[in-house]
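*Asks:* Below: one structure in structure tokens.
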Amino acid sequence: ERMKLITQFAEEHPTVSVRQVTLKLGEITTKEMPGCVKPSDKKTGRAFMFYLRPRFYKYLPADERPEGWEKYAEMDEKAWQSEQEERKRKRGLAEKADSVGDG
């Protein structure tokens, strides 16, 4: 389903590549079910579910937001900031290692 969604989006938006859609989908979704989301009755078999990160719930219509979403959105926002700081730190270390190798 995930690849089908990615491919469909890329086909409907020809200026966007499959790679770009894949990267963006990875940023806005999570494999862990947020605590405010009720488990699905449908069992997926071998496939895995992916969920919209709670920090993006504010963009959903009000009647589609899960109960208590604000708390989870706030926690996810903090987690997102932490992830971004970690990525920057790792990127900085990699650049530093590259410059030492060039010198």
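The values are calculated or read from the model by the stated rules, or taken from the named source; none is laboratory data. Keep in mind it's a predicted model, so treat the numbers as computed, not measured. Positions of Cβ are generated from backbone atoms using ideal geometry, with glycine treated the same way; all protein chains shown enter the neighbour counts. Side chains included, ligands, DNA and RNA excluded: accessible areas come from the protein's heavy atoms. Shrake-Rupley method; radii C 1.70, N 1.55, O 1.52, S 1.80 Å.
Results for (1) small (Gly, Ala, Ser); (2) assigned to a loop (DSSP other than H, G, I, E, B); (3) in contact (Cβ under 8 Å) with a residue 40 or more places away in the chain, shown as yes or no for each residue.
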site: Ala10; (1), (2), (3): yes, no, no
site: Val16; (1), (2), (3): no, yes, no
site: Gln20; (1), (2), (3): no, no, no
site: Cys36; (1), (2), (3): no, yes, no
site: Ser40; (1), (2), (3): yes, yes, no
site: Met49; (1), (2), (3): no, yes, no
site: Arg55; (1), (2), (3): no, no, no
site: Lys58; (1), (2), (3): no, no, no
site: Asp63; (1), (2), (3): no, no, no
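*Asks:* Select, from Glu83, Glu95, Glu70, the only residue that is at pLDDT 95 or above, at negative phi and part of a helix (DSSP H, G or I).
*Replies:* Exactly one of Glu83, Glu95, Glu70 is at pLDDT 95 or above, at negative phi and part of a helix (DSSP H, G or I), namely Glu70.
*Asks:* Suppose we keep only residues that are open to solvent by 80 Å² or more (accessible area, probe 1.4 Å) and aliphatic (A, V, I, L, M) within the stretch 59-103. Which one would you say is farthest from the chain's Cα centre (by Cα)?
*Replies:* Val100
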